[in-house]
Amino acid sequence: MSSHRPVKRQPERSEKRVAVTTGSTSQPVRILAISGSLRQVSSNTALLQAAIAAAPTTVEMRLYGGLGDLPHFNPDLEPMEPPVVTDLRAHVKWADGLIISSPEYAHGVPGVLKNALDWLVSGEEFIGKPIALFNASLRAVHAQAALTEIVTTMAGRMVPEASITAALLGKNLDAAGIVADAEIFGQLQAAVISFAKAIESF
């Protein structure tokens, strides 16, 4: 594994940002949301978009949008790291914690999400980072278990109390529809608040 550490920069692209401020001098808790789906209409992406809407004013959330642009992980590329990988690292470094919402394919994690995590293994950005897992389907238990194993192995800090499963399967709800669903939206609000509190306690 390469020991090369490229110069990091602040995130500039591949993001959808919702900035929230409290008017106080304290910094908001910064959360990066990552969807494991590349689908244009994705329940997992919609769930994260709704979570951004559910975030209190003490939290700033960004939805990472560069997953599909990452090249296949190859350690030989690390000495001259592709800019999109540097961008991913910068997003993760910016965040105080990560929320990952992923579909399940063949009882496992989508390759595109695992690929992104593989790119983070050799860096320091992910180490010790609080992680919450969201799930848009009651059936996706294998992907959740696999993700838990992966992020724990990568020295991420799982926050089980902020990890939720929303029963979206078959409902065909977009982000606005999730926000309009009082039960699911309340679940998201509680999860984001719980995650922010956990981050502050670390």
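The values are calculated or read from the model by the stated rules, or taken from the named source; none is laboratory data. Computed from a prediction, not measured in an experiment: that's the story for all the values here. Quick reminder, even Gly has a Cβ in these numbers, built from the backbone with ideal geometry, and neighbours come from all protein chains shown.
Assigned to a helix (DSSP H, G or I), surrounded by 21 or more Cβ atoms within 10 Å (Cβ to Cβ) and in contact with a strand residue (DSSP E or B) (Cβ under 8 Å, 6 or more places away or on another chain): is that true of residue 88 in this structure? Working first, answer last.
Details: assigned to a helix (DSSP H, G or I): yes; surrounded by 21 or more Cβ atoms within 10 Å (Cβ to Cβ): yes; in contact with a strand residue (DSSP E or B) (Cβ under 8 Å, 6 or more places away or on another chain): yes.
Against the criterion (assigned to a helix (DSSP H, G or I), surrounded by 21 or more Cβ atoms within 10 Å (Cβ to Cβ) and in contact with a strand residue (DSSP E or B) (Cβ under 8 Å, 6 or more places away or on another chain)), residue 88 qualifies.
What pairs come up if the first residue lies in the stretch 84-98 and is under 11 Å from residue 70 (Cβ atoms), the second is aliphatic (A, V, I, L, M) and modelled with pLDDT of 95 or more, and their beta carbons are under 6 Å apart, counting only those six or more places apart or on different chains?
Listed by first residue and then by second, the contacts come to 84/70.
Select, from 167, 132, the only residue that is over 17 Å from the mean Cα position of the chain (by Cα) and closer than 24 Å to residue 42 by Cα. Talk me through it step by step, then tell me what you get.
On the way: 132 fails: over 17 Å from the mean Cα position of the chain (by Cα).
Unique residue meeting the criteria: 167.
Residues are listed down the side, and each one gets a yes or a no for (1) surrounded by fewer than 19 Cβ atoms within 10 Å (Cβ to Cβ); (2) under 21 Å from residue 135 (Cα atoms); (3) modelled with pLDDT of 95 or more:
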site	(1), (2), (3)
20	yes, no, no
30	yes, yes, yes
36	no, yes, yes
41	yes, yes, no
46	no, yes, yes
49	no, yes, yes
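Looking at 97, 66, which is the one that is of a type outside the set (Lys, Arg), surrounded by fewer than 22 Cβ atoms within 10 Å (Cβ to Cβ) and under 21 Å from residue 154 (Cβ atoms)?
Numbers: 97 fails: surrounded by fewer than 22 Cβ atoms within 10 Å (Cβ to Cβ).
Only one candidate passes the filter, namely 66.
Mind listing whichever residues of the stretch 59-85 are assigned to a strand (DSSP E or B) and within 19 Å of residue 111 (Cβ to Cβ)? Write out each step before concluding.
Step one: filter the stretch 59-85 for residues assigned to a strand (DSSP E or B), giving 59-64.
Once the filter is applied, which keeps residues that are assigned to a strand (DSSP E or B) and within 19 Å of residue 111 (Cβ to Cβ), the stretch 59-85 yields only 64.
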